[in-house]
Amino acid sequence: MKPPARILIVVPRRIGDVLLSTPLARSLKRAWPQVVIDYLVFSGTEGILQGNPDVDVIHTMPERAPLASRLGLMARLWRRYDWAVSPIPSDRARWACWAAARNRAGMVREGTPDMRQAALLQVALPFDDLHAHTVSNALRLAQALGVEACPQVVPPAPQACPLPGSPFVVLHTYPKFRYKMWPRQMWSALAAALSSAGFEVALTGSPDPAEREYVAGIAADAACPVHDFSGQLSFAQTVHLLRHARAFVGPDTALTHLAAACGTPTVALFGPSNPVKWGPWPQAHTGPQSPWAMQGSARVGNVFLVQGEADCVPCRLEGCERHLDSESRCLTSLPVARVWAALAALGLTPRRE
C-alpha cells in the first residue's frame, strides 16, 4: 500500500473511546512517520488528545448538531484526506469518513442495519462488542491497512500543576452514570484508611456541579485531610498528577483508563461493565488481545481489576434496575477491604501503623 499523506481518525463518542483509539494513531504514525494524522471528535473530548505527538489537527463537532451544521462540517472536510478511519460502529462516523476521504475503513455490526452502510467503506470490519477489547478493535483497523499494531495508549502530554505532599494516592469517585458508582461512604472510608496509613489523598473530578458536590461530600465525610482537585485540572494536568501518585483507584471511567496508560498502579472497580471490552489497558500490555477475562478479579501489569461478586456479574446492563440512575448491588456491596488488598498487591504498604 502506498504511504498516505493525510489520515483522519473519526471518533465521535465519549472521552474514553477517544483515548482508547490512540493506539491506532500510534500504529499509523510508526508505520508512516511522515503522515499527517488528524482527528474528528465530539466537542469537550478533544482535551484527551492535547499534546499527543501522533496527532496534528483536532476537528470537533457538537454531539447534538442540527443537520445544517453537520452538512457544513462534511463540506469543510470534503475529500481532504487519503484515508478516513473509525474504530467505532457509528452511522455518524461512517458518513464523516465518506465525506472526508476516497478511501475509508471502519466497523459494522453484523446482522444489524449497519450492514446497509458497509458500502460507505472500502474496508468494513465486523465489530466485536463482546469478546474484544476497545483497543483490540482499533488495532484491527491498523492491521487491515497493512500496518503493524502498536498497542500503546497515549495520554496527553503532561502539564505541571500543584501536587499534594508526597506520597499521595488519587481517588476518582464519580463515573458518568450512577450504575457504575461505588458508594460514597466507601470512598470516605478508603480515604480515611489511606490517611491513617500515612498517605495524602487527592480527589479528582470534572467541573460538573453535581460531581463537585459529590466529591466535596466525600471530603467532608472522610474526617481526614484531603486535596479536592475536582473541576480544577485539565487532562494534561491530571496526567502530571497521576504520574506522581503512588496509586489510583477509580470506577469504569475515562480517568481510570488514563491512570493505567500513565503507568500509575491502578485499581479499577468493575460491576456491570464487560471487562473484556472496557477493562483498563495496562501500560506495558502488548496485546493485541484483551488483558481481561469476563469474570473474576485479576492483576495485569500496573492494573488490578476488582470485580464485584454475584452470579449475574457482569450483566453488561445498566444496573440492577436497568437504567442509568440505577444502583448496581455488585458494587454497593464491594467492601473497602478488597480494594485495600488490591492496593497492597500493587505494592502500596502503610507508611505508619
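Brief remarks follow.
- With N counted as the residues of segment 1-118, its alpha-carbon radius of gyration over 2.2 N^0.38 Å works out to 1.00.
- Amide H contacts of residue 297: 307, each under 5 Å away and 5 or more positions distant or on a separate chain (H built 1.01 Å from N in the peptide plane; Pro and chain starts excluded).
- Counting DSSP beta bridges with both ends in the chain, the antiparallel % (nearest 5): 5 percent
- Projected onto planes of every orientation and averaged, the convex hull of the alpha-carbon atoms in the chain covers 17.3 nm².
- Listed from fewest to most Cβ neighbours within 10 Å, the set 315, 97 follows the order 315, 97.
- When +1 charges are put on Lys and Arg Cβ atoms and -1 charges on Asp and Glu Cβ atoms, the dipole computed for the chain relative to its Cα centre reaches about 960 debye.
- Under 5 Å between amide hydrogens, built in the peptide plane, is the criterion, and for residue 247 it picks out 170 among residues at least 5 positions away or on other chains.
- In the chain, the longest principal axis of the Cα atoms and the axis of helix 336-345 are about 70 degrees apart.
- Under 19 Å of direct C-alpha separation, and excluding same-chain neighbours fewer than eight residues apart, residue 2 reaches these lysines: 29.
- Stokes-Einstein D in µm²/s, Kirkwood radius over Cα pairs - segment 192-301 at 4 °C with 1.567 mPa s viscosity: 86 µm²/s
- Furthest towards positive pole of dipole, 162, 127, 73, structure part segment 61-179, Cβ charges: 73
Taken together, the values in this text are just the output of simple stated rules run on the coordinates, not laboratory data. Just so it is clear, the model here is predicted, and its values are computed rather than measured. No Cβ is skipped: glycine too gets one built from the backbone with ideal geometry, and neighbour counts run over all protein chains shown.
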